[in-house]
1. If each residue's Cβ is checked for other Cβ atoms within 10 Å, how do M107, M204 rank with the fewest at the top?
2. The range 106-180 to the range 79-96: how many Å between their Cα centroids?
3. Putting +1 on Lys and Arg Cβ atoms and -1 on Asp and Glu Cβ atoms, find which of T261, S118, A238 reaches farthest to the positive end of the dipole of the chain.
4. Once amide H atoms are built 1.01 Å from N in the peptide plane, which residues 5 or more positions from V182, or in another chain, come under 5 Å H to H?
5. Under the rule of -39500 (n - 2.57) per DSSP H run of 4 or more residues, summed and divided by the residues of the chain, what mean residue ellipticity at 222 nm is obtained, to the nearest 500 deg cm²/dmol?
6. So what does the Cα-only Debye profile of the chain read at q = 0.11, 0.12 Å⁻¹, as log10 I(q)/I(0), no solvent term?
7. Are there any helices in the chain, counted as whole DSSP H runs, that stretch 30 Å or more along their axis by Cα and score at least -1.0 on average by Kyte-Doolittle, and if so which?
8. When N is the residue count of the range 98-229, what does its C-alpha Rg come to as a fraction of 2.2 N^0.38 Å?
Amino acid sequence: LLDALVDQIALALERLRLTEELSETRLATETERLRTALLSSVSHDLRTPLVTIIGAAGSLADAPDLAPAARQDLAENIREEGERLDRYVQNLLDMTRLGHGALKPHMAPLDLAELVGSARHRLRGPLRAHQVLAEVPDTLPLVLADGVLLEQVLVNVLDNAAKYAPAGSTIVLAARTAGAKVDLSVSDTGIGIPPAEQQRVFDMFYRVAEGDRQRAGTGLGLAICKGLIEAMGGTIRAETASQDGPGTRIVITLPLFNPETSA
Ligand code: ADP
C-alpha cells in the first residue's frame, strides 16, 4: 500500500514537473521529502491509536478486579481508537484508488439528513465534547452522490472541526439548496484557516503551520475529500466561518438528484 502511495506521489510530481518545469534535482528532493513525510505520518498515525489500544487491553488483562466503570472506560477507549484506525486505513485505501483512477463512485439518490445522522454516529467519540447542531430541512430534495464516499468525506471534515475547535463549542452542519445544487456545510468556531491557505489545505500533506495546530494529523484528509467529491461531480471549498471570529466553514456542493436526467 505504501509503495503504491509513494509511486503515486512520484507520478504527481512528474506531472507537476512537466507543467511547471521543475528541475530534475528539485524533483528528486521533493519526491524524497514527500516519501519521508508519508512514511513518518503513516507510521505515526497508525501507531498512536495502536499504543492506546495495547495499553488499554493490557490494563484490562492485568487487572481482573477492576471496577465495572473503569473496565467500561477502557473498553470504550479500545473501541474508539479501533474506529480511528479504521477511518485512517479507509482514507489510505481511498487515496490509492483515487490515484489509480480505480475509484468508481456508485451514484444514487441520497437523503442528506440520514447521511448526516450516520456520519455523526460514526464520529460520536471525537464529537463527544462538542455541541453538534444539524440544520437539514425535512423538505431538502435528494442529492445525487455515492453515500459511502460522501459519508467518508463528512467524517473527515467533522473530525477536523472537532480537532481544531475548542471543547464545548458548537459545530453546525447545514444543508440548503442553491439552484440545481445543494450546499452541505460544516462550520466551527475554532482557530480557522488563514484566507491565503484556504485553497492549499486541500493539497496532499499540506498543514497550516502554527504552534497551536500541533495536533495529530497527516495533511491527507482534505486532499482525499477533494478527490472523492470531485469524483462525484461536486466541489469542496474552505472559507472563514464568521466576521467576528476565525472559525472554519467547509462547503461541499453536490448536484441534486433529477429523476428525469438520472433515470
Ligand atoms: P490533518 O490530518 O492535518 O488535519 P487535513 O488535510 O484534514 O489534515 O487538513 C489540512 C490542514 O488544514 C490541517 O492540518 C489544518 O491546519 C487545517 N484545517 C483543516 N480543517 C480545519 C478546521 N476545521 N479548522 C482549522 N484548521 C483546519
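1. Numbers: M107 18, M204 21.
Arranged by neighbour count, lowest to highest, M107, M204 become M107, M204.
2. One Cα centre to the other: 18 Å.
3. Ranked along the dipole, the leading option is A238.
4. Hits under the 5 Å cutoff: L254, L256.
5. Working: 7 runs with 134 residues, N = 263.
Using -39500 (n - 2.57) per qualifying helix, the result is -17500 deg cm²/dmol.
6. Values, matching the q order: -0.69, -0.81.
7. Helices meeting the span and hydropathy rule in the chain are 24-62, 68-99.
8. Values: Rg = 15.1 Å, N = 132, 2.2 N^0.38 = 14.1 Å.
After normalising by residue count via 2.2 N^0.38 Å, the value is 1.08.
All of the numbers you see were taken from the coordinates with simple rules; none came from a lab. Source: prediction; values computed, not measured. Glycine also receives a Cβ, built like all others from the backbone with ideal geometry; neighbour counts cover every protein chain displayed.
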